[in-house]
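Step one of this worksheet: look at the structure below.
The values are calculated or read from the model by the stated rules, or taken from the named source; none is laboratory data. Predicted model only: the values in this text are computed from it and were never measured. FYI the Cβ positions are ideal-geometry reconstructions off the backbone, even for glycines, and counts take in every protein chain you see. When the accessible area is computed, the model is the full protein with side chains, heavy atoms only, and any ligands, DNA or RNA have been set aside. Shrake-Rupley method; radii C 1.70, N 1.55, O 1.52, S 1.80 Å.
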Amino acid sequence: MNKIIVLMWLSMFIQCQSQKIDKSMVPTVDNKFEIINTEEAKRIIINDNKTTTFVSAKIGSSYTEYHKNSYFMIIKNYYPSRNIKNKGIAFNEGSPIGIWYYFDESGKLTKEENTDEGYSFTPEKVIIYCEKNKIELPKGYHDSGFYTRIRKDVLNGKKVWVIEYLIPDGDIQKVVLDGQSGTELEKKVVPFVSS
């Protein structure tokens, strides 16, 4: 009897350990003012651990940083003056997570928005859900193709997570999880339509 209890405890311990998300996979941003050097920015820079993309237009610039072993990316948007406009973290192929910082054109921090407010089912729990259900999540930068998307939405007045991923027949499986409990609210197949 004692052996069975020990084996059950050991099994639960191993399962809990495998379900922890390495915090180093989540990049960080701070609330500090920044200016982007558009002369040094290149469209895409790829190295062993990180890929950065840069897009510039008359309305401003956008910088994205992907880390090779992370499900998340850093996004920074800049005014035409090159001063930071906003910055934060988002799922690769998905919605913002955590605290996002907003600045006025002079560089003053005007707002800190907790994009996870109302989501007791955290981004880390979404990743654990995907791992348990064998849903492959993209890590790092991908130039093209359809990869699993995780986004926040509102369904019937409830905050939800929407996960969309390719299934073997070439269509997309769409799963909607309650933002509070993580309960599956909807699961359906939708046709894949390329753009």
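Ligands, DNA and RNA are left out, and with a 1.4 angstrom probe the accessible area of region 24-163 is 56 Å² per residue.
Each of ARG149, ARG43 has its accessible area taken with a 1.4 Å probe; listed largest first, they run ARG43, ARG149. The average projected area of the chain, computed from the convex hull of its Cα atoms over all directions, is 15.1 nm².
Computed with a 1.4 Å probe on the full set of protein chains, the accessible area for HIS67 sits at about 60 Å².
Among the protein heavy atoms, those of VAL154 account for about 90 Å² of accessible surface (1.4 Å probe, every chain in place).
Stretched out fully, how many nm does the piece from VAL193 to ILE35 gain, at 0.36 nm a residue minus the Cα gap?
Extra length available between VAL193 and ILE35 comes to 53.0 nm.
3J(HN,Hα) couplings calculated from phi for region 97-110 with the Karplus curve 6.51 cos²θ - 1.76 cosθ + 1.60 (θ = phi - 60°) are, in sequence order, 9, x, 7, 10, 10, 10, 10, 7, 5, 7, x, 7, 5, 10 Hz; Gly and Pro show x. Estimated from helical segments only, the mean residue ellipticity of the chain at 222 nm is -4500 deg cm²/dmol, where each DSSP H run of four or more residues counts as -39500 (n - 2.57). Relative to the longest principal axis of the C-alpha atoms of the chain, give the angle of the C-alpha long axis of helix 123-132, reported between 0 and 90° and rounded to the nearest 10°. Around 50 degrees separate the two axes.
Ordered by solvent-accessible area of protein heavy atoms (1.4 Å probe), largest first, the residues LEU166, LEU109, LEU137 come out as LEU166, LEU109, LEU137. Between amide H atoms placed 1.01 Å from N, distances below 5 Å from LEU185 occur with VAL176, LEU177, ASP178, all of them 5 or more places distant or on a separate chain. Amide H contacts of ILE135 (H built 1.01 Å from N, in plane; Pro and chain starts excluded): no residue 5 or more places away or on another chain comes under 5 Å.
Rounded, prolate or oblate: which fits region 69-143 when a ≥ b ≥ c are the square roots of the eigenvalues of the alpha-carbon gyration tensor, with rounded for a/c under 1.5 and prolate only if a/b beats b/c? Oblate, since a/c reaches 1.5 and b/c is not below a/b.
Approximating the spin labels as points 7 Å out from Cα along Cα→Cβ, the ILE44-to-LYS108 distance works out to 4.0 nm. Relative to the longest principal axis of the Cα atoms of the chain, the long axis of helix 2-18 makes an angle of roughly 20 degrees.
Along region 153-166 the Karplus relation, 6.51 cos²θ - 1.76 cosθ + 1.60 evaluated at θ = phi - 60°, assigns HN-Hα couplings of 7, 10, 10, 6, x, 9, 6, 9, 9, 10, 10, 10, 8, 6 Hz to successive residues, with x for each Gly and Pro. Backbone geometry of region 66-83 corresponds, through the Karplus equation with coefficients 6.51, -1.76 and 1.60 at θ = phi - 60°, to 3J(HN,Hα) couplings of 10, 10, 3, 10, 10, 7, 10, 10, 9, 10, 10, 10, 10, 5, x, 6, 5, 6 Hz, x marking Gly and Pro. For the peptides 79-87, 93-101, residues were scored by their other Cβ atoms within 10 Å and the scores averaged per peptide; the highest-first order is 93-101, 79-87.
Rolling a 1.4 angstrom probe over the chain with all protein chains present gives an accessible area of which 53% lies on carbon and sulfur atoms. Each Cα pair under 8 Å and six or more residues apart adds its sequence gap; the mean of these over the residue count of the chain is a relative contact order of 14 percent. For LYS159, the residues whose amide H sits under 5 Å from its own are GLY179, ignoring neighbours fewer than 5 places away on the same chain, with H placed 1.01 Å from N.
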